[in-house]
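Accompanying notes for the structure given below.
The values are calculated or read from the model by the stated rules, or taken from the named source; none is laboratory data. Treat the numbers as computed from the prediction; the structure is a model and nothing was measured. Cβ atoms come from the backbone with ideal geometry, glycine included; neighbour counts cover every protein chain shown. The accessibility values were calculated without ligands, DNA or RNA, using every heavy atom of the protein model including side chains. Shrake-Rupley method; radii C 1.70, N 1.55, O 1.52, S 1.80 Å.
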Amino acid sequence: MGYLFLLISICSGGVKGFVAKKVSNKTNGIKSAVLTNFIRMLFCIPVGFIFVLIDGGIESLAVDKKVLGIAALAGASTCVFIVSWLIAVQKSAYTAVDTFVSMGLLVPILLSLAFYQERISCSQIIGLVLLFISVILMTLYSNQIKAKLGILSLLLLLVVGLSNGITDFTQKIFKYNNATGAPASVFNFYIYVFSAVILLVVFLCLKEKKPAHAETFTDTQKTKDWDKQKVLYILIMAIFLFCNTYFKTLASERLPAVQVYPLAQGSALVLSSLMAALFFKEKIKPLCIVGLIVLFTGLLLINVIVF
């Protein structure tokens, strides 16, 4: 069942990523990104509540402080991830952004080893090294089809990967500290409640940055950025975002971190490469193909050829 849950999570993540790219094209600046994701979290809350009702009923929302604390940490890291991703995907190749997301899997794997003694085999270590090499190759590929990555863009991509890794690790913290047996749906529901609160506070604290040529930024442009299509995209994102994290949480309860996160992120990277080529007109160059082959080899060593 663990692999089935992971497959559902991966497919949900692919749909979410496709729609998120569409949303990023209609998002200008950090404040707009924060507002976009706040609305996204608001949509996630009722979606999550439906899962809670199906999973354990409304009484299952009564959880201990430890679970709430873990959900708050996950909510904070989720906020950092979704806002930084939305900005990064405008500046770098879509595939390169997802590559750095994949690099973030080192966080839950190493922390699960350090705190919960989830062992890593020799082949899995080699596989992780290959995944890291694929990150380098895909970064070089991004430089070929987009503007060369500057220091700030590179730091932004690192924030994307690190924050996603921390979010994934909170699923393991939840697994090992869920003394009351709270359902995964409840944990994910609270993640998005905390995320919505954090994003609202950040949005209210941010000052509106006026463009250099203020007169060119018309009400028509603002309306274009917030049309009905964008709201629909955000709703779809919310549904598949919740499905992505919910089913990944279920998978992490049944499989070790060294299997869940490399397979999830590696498969997501392959999906994003196909979508980038088919829908976003990003050219698949030899460097990208080599990077994907290295990535696939790493996944085989992590999940199939274990020694």
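Mind counting the residues in segment 95-114 that are in contact with a Phe, Trp or Tyr (Cβ under 6 Å, 6 or more places away or on another chain) and either modelled with pLDDT under 80 or acidic (Asp, Glu) (or both)?
1
Here's the yes/no breakdown for (1) farther than 30 Å from Glu118 by Cα; (2) surrounded by fewer than 12 Cβ atoms within 10 Å (Cβ to Cβ); (3) at pLDDT below 85:
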{"residue": "Leu154", "(1), (2), (3)": "yes, no, yes"}
{"residue": "Ser163", "(1), (2), (3)": "no, no, no"}
{"residue": "Asn177", "(1), (2), (3)": "no, no, no"}
{"residue": "Tyr190", "(1), (2), (3)": "no, no, no"}
{"residue": "Cys205", "(1), (2), (3)": "yes, yes, no"}
{"residue": "Thr216", "(1), (2), (3)": "yes, yes, yes"}
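Got a number for residues in segment 95-122 being open to solvent by less than 10 Å² (accessible area, probe 1.4 Å) and closer than 15 Å to Pro256 by Cα?
So the count comes out to 4.
Mind telling me which of the residues Val80, Val63 ends up being touching a helix residue (DSSP H, G or I) at 6+ places or on another chain (Cβ under 8 Å), part of a helix (DSSP H, G or I) and touching a residue at least 24 places away in the same chain (Cβ under 8 Å)?
Details: Val63 fails: part of a helix (DSSP H, G or I).
The match here is Val80.
Checking Leu7 against (1) within 17 Å of the chain's Cα centre (by Cα); (2) of a type outside the set (Ser, Thr, Tyr); (3) open to solvent by less than 30 Å² (accessible area, probe 1.4 Å), which test does it fail?
(3)
Taking Val80 and the conditions (1) surrounded by fewer than 21 Cβ atoms within 10 Å (Cβ to Cβ); (2) modelled with pLDDT under 85; (3) within 15 Å of the chain's Cα centre (by Cα), which numbered condition does it fall short on, given that it satisfies the others?
(2)
Any residue in segment 226-242 that is basic (Lys, Arg), at pLDDT below 85 and part of a helix (DSSP H, G or I)?
Going through segment 226-242, the residues basic (Lys, Arg) turn out to be 228, 230.
Now drop any that are not at pLDDT below 85, which leaves 228, 230.
Remaining after also requiring part of a helix (DSSP H, G or I): 228, 230.
Checking segment 226-242: at least one residue is basic (Lys, Arg), at pLDDT below 85 and part of a helix (DSSP H, G or I).
Show the residue pairs that are 6+ apart or on different chains and have beta-carbon atoms under 6 Å apart, the first residue being within segment 97-120 and of a type in the set (Gly, Ala, Ser), the second being in a loop (DSSP other than H, G, I, E, B).
So the pair list comes out as Ser112/Glu118.
Here is a yes/no grid of residues against (1) modelled with pLDDT under 90; (2) over 15 Å from the mean Cα position of the chain (by Cα); (3) surrounded by 19 or more Cβ atoms within 10 Å (Cβ to Cβ):
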site	(1), (2), (3)
Val15	yes, no, no
Thr27	yes, yes, yes
Gly56	yes, yes, no
Leu68	no, yes, no
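Among Leu86, Leu137, which is part of a helix (DSSP H, G or I), of a type in the set (A, V, I, L, M, F, W, C), more than 30 Å from Gly181 (Cα to Cα) and open to solvent by less than 20 Å² (accessible area, probe 1.4 Å)? Steps first, please.
Values: Leu137 fails: open to solvent by less than 20 Å² (accessible area, probe 1.4 Å).
Of the residues listed, the single one that is part of a helix (DSSP H, G or I), of a type in the set (A, V, I, L, M, F, W, C), more than 30 Å from Gly181 (Cα to Cα) and open to solvent by less than 20 Å² (accessible area, probe 1.4 Å) is Leu86.
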